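Here's the structure we're looking at; comments come further down.
Bear in mind these aren't lab numbers, they're just calculated from the coordinates by the rules spelled out. What you are looking at is a predicted structure, and each value in this text was computed from that prediction instead of being measured.
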């Protein structure tokens, strides 16, 4: 915003011939100066706002770019989550198969389990042997 310069107001000498009239015009001139100063005359209070507006516009542009970058990252994360969910479903099936293969085993009294030669049996959760366990192969306990 442009500064407005108040022209200097000179009370004509003809009006100053009467002291009362001179004081009146001096008071009017002073009042006009005060209004000029208080309503933005002199140093313009709005003058520095354009710089702040420019700074804010730059900040908004940066935020807009960051929002777009984050939106792209969110879209990528959504695709990654979907891929992970599919992998988890596959892994869940594999885990179920492993659990069924490597579940807790009980060898009853009247049964016999044989670990064949060149084969191994890995015991992770536990094994109870009431019957007989013939280990021609390798029995690994973990």
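Below, the figures for the structure above:
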| item | result |
| --- | --- |
| Scaled radius of gyration (Cα, divided by 2.2 N^0.38 Å) that segment 48-101 gives | 2.29 |
| Gain upon complete extension [residue 135, residue 64; 0.36 nm per residue less C-alpha separation] | 18.6 nm |
| Extension gain, residue 73 back to residue 54 (0.36 nm per residue minus Cα-Cα distance, nm) | 4.0 nm |
